[in-house]
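Heads up, the thing below is written out as structure tokens.
What follows draws every value from the coordinates through simple rules; no lab data is involved. These figures come from a predicted structure and were not determined experimentally. Neighbour counts run over all protein chains shown; Cβ positions are idealised from the backbone, glycine included.
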Ligand SMILES: Cc1cc2nc3c(=O)[nH]c(=O)nc-3n(C[C@H](O)[C@H](O)[C@H](O)COP(=O)(O)OP(=O)(O)OC[C@H]3O[C@@H](n4cnc5c(N)ncnc54)[C@H](O)[C@@H]3O)c2cc1C
């Protein structure tokens, strides 16, 4: 029975650990934070958990749906079509269906038709292989026209990738459109319930979970892999590391210099910055609002309780104000109070009645490795799962390409690498 360590208790690490346990391995999971869940981790609002960063799933997230069922949480999974819209010229405009596209007046009528056909074309492309080497901006301009690109796609790409927007690869954009469904799913009570259930399931099956236990170094010596933790060193036959490549390169000792140099270059991420407001009343009408008007300090406004009932959260109305930014953006250095002073006045542009007294509580969350920069040629920059150190495997969110990051794809990938580890033993 091999002794396997899994580093990271997000969707990937936990799904991998579960597969390893069911394959007969002795498994230990190490997580830096006090709770499992990784980027989907929650905090308590009233009786429910709420994700620090907005989360839902799609009908195509089949493995995630199965896992939720396997853990006995299927009854909590709710599906809906909450309104998705864009804030454009000061108005909230729906853009989440063919009819809504045809009514989208910021575009000329021919441009609306071309936009609709372009989306249908992306849905019809079965495999993104032929899109490798093309930028999303180039492809979208060519097939959907300059007008649709400028009005609809450019603000989203620039909002998400800033100065890198023109270099983002088309296969990633294809997957975002192709994989997504109009129906969205949410785990009532919060996705944290899923992670707690996964962790409990692992413990019940004999795995050990070490929370609040950051791995400080990984080294191969005496034919075993040694993990350095604040509580001492532990030795394993194999290690699956689910950390971002940058962190992995800092932790693993004895990697060849050319490997480190090569994969440092391709592992850039943008960071996520999210303000969560607990309000005493609703702010606006959409669930998801892409903020494409200029001058706003946030890119997305997600009013969670325009879908899930406020009663789940002790009556609070919950609003996320989200951004993706380079890790050195000055926003990250601001105090929470300074962030609120900068953000809150803009809410009155969306709802003129907004008053700061509506805000009962506010939280600011930051995640440094939140969005891989999926530039053209991205795939060549991905490190192989088998690392130069025997028995040490690297598999992380960045590897789900061309799919956009998502709990489903992390779980699937974690399970597939767990199978490879088991097959070698
Ligand atoms: C703003 C935002 C919105 C998102 N929206 C959605 C959505 O709607 N739907 C969806 O499915 N997905 C969404 N995602 C993506 C989803 O959260 C991720 O794809 C998924 O959680 C990744 O899981 P993972 O296990 O691969 O990585 P992570 O969640 O990053 O897990 C890595 C784990 O490693 C731990 N760790 C780091 N360093 C150490 C160390 N030294 N020692 C031990 N542990 C360590 C971390 O604490 C973390 O728990 C969103 C992400 C963001 C940022």
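Take the chain, connect every pair of alpha-carbon atoms lying under 10 Å apart with a spring to form a Gaussian network, then pick out the residue of 395, 276, 151 with the largest mean-square fluctuation.
151
From the alpha carbon gyration tensor of the chain, can you work out the equivalent ellipsoid semi-axes (sqrt of 5 times each eigenvalue) and give them in Å, largest to smallest?
Output for the chain: semi-axes of 37, 26, 20 Å.
Under the 0.36 nm per residue contour assumption, what length would be gained going from the current alpha-carbon distance of residue 416 and residue 235 to full extension?
Additional length available on full extension: 62.8 nm.
Starting from the Cα-Cα distance between residue 260 and residue 130, subtract it from 0.36 nm times their residue separation and give me the gain in nm to one decimal.
Details: separation 130, 0.36 × 130 = 46.80 nm, distance 2.99 nm.
Full extension from residue 260 to residue 130 adds 43.8 nm.
State the volume of the convex hull built on the alpha-carbon positions of the stretch 273-375, expressed per residue in Å³ and rounded to an integer.
Per-residue hull volume (Cα only) is 118 Å³.
Could you work out how much longer the chain between residue 43 and residue 366 gets when fully extended? Use 0.36 nm per residue separation minus the Cα distance between them, nm to one decimal.
Working it through step by step, the gained length comes to 114.9 nm.
What does the helix-only formula give at 222 nm for the chain: each DSSP H stretch with n ≥ 4 adding -39500 (n - 2.57), the total divided by the residues, and the result rounded to the nearest 500 deg cm²/dmol?
The per-residue figure over the chain is -9000 deg cm²/dmol.
Under a point spin-label approximation (7 Å from Cα along Cα-to-Cβ), what is the residue 356-residue 423 distance to one decimal in nm?
6.0 nm
I need two numbers for the stretch 180-319: Rg to one decimal and Dmax as a whole number, Cα atoms only, in Å.
When restricted to the Cα atoms of the stretch 180-319, Rg and Dmax are 21.6, 62 Å.
Using a simple spin-label model with points 7 Å from Cα along the Cα→Cβ vector, what separation in nm is obtained for residue 253 and residue 79?
The modelled label-to-label distance comes out at 5.2 nm.
For the chain, set up a Gaussian network in which alpha carbons nearer than 10 Å are linked by springs, and say which option among 347, 193, 308 fluctuates the most.
The residue that fluctuates most here is 347.
Using a simple spin-label model with points 7 Å from Cα along the Cα→Cβ vector, what separation in nm is obtained for residue 3 and residue 224?
Here the modelled spin labels are 0.3 nm apart.
In whole angstrom, how far apart do the alpha carbon centroids of the stretch 50-83 and the stretch 393-417 sit?
The stretch 50-83 and the stretch 393-417 have Cα centres spaced 17 Å from each other.
Take the stretch 320-376, drop everything but the C-alpha atoms, weight them equally and run the Debye formula without solvent; then report log10 I(q)/I(0) at 0.16, 0.17, 0.30 Å⁻¹ to two decimals.
Log10 of I(q)/I(0), two decimals: -0.62, -0.68, -1.39.
Out of 248, 161, 343, any idea which swings most in a Gaussian network model of the chain, alpha carbons joined below 10 Å?
Checking each option, the largest mean-square fluctuation is seen for 343.
If the convex hull of the alpha-carbon atoms of the stretch 1-76 is projected onto planes in all directions, what is the mean projected area in square nanometres?
Over all viewing directions, the stretch 1-76 projects a mean Cα-hull area of 6.1 nm².
Taking Rh as the Kirkwood radius, which is the inverse of the mean 1/r over Cα pairs, what is the Rg/Rh value for the stretch 70-142?
Working: Rg = 17.0 Å, Rh = 15.3 Å.
Result: Rg/Rh = 1.11.
How long are the semi-axes of the equivalent ellipsoid of the stretch 97-178, taking √(5λ) for every eigenvalue λ of the Cα gyration tensor, in whole Å from largest down?
20, 16, 10
Measure nothing but the geometry: give the 0 to 90° angle between the long axis through the Cα atoms of 192-204 and the longest principal axis through the Cα atoms of the chain, rounded to 10°.
Helix 192-204 sits at roughly 10 degrees to that axis.
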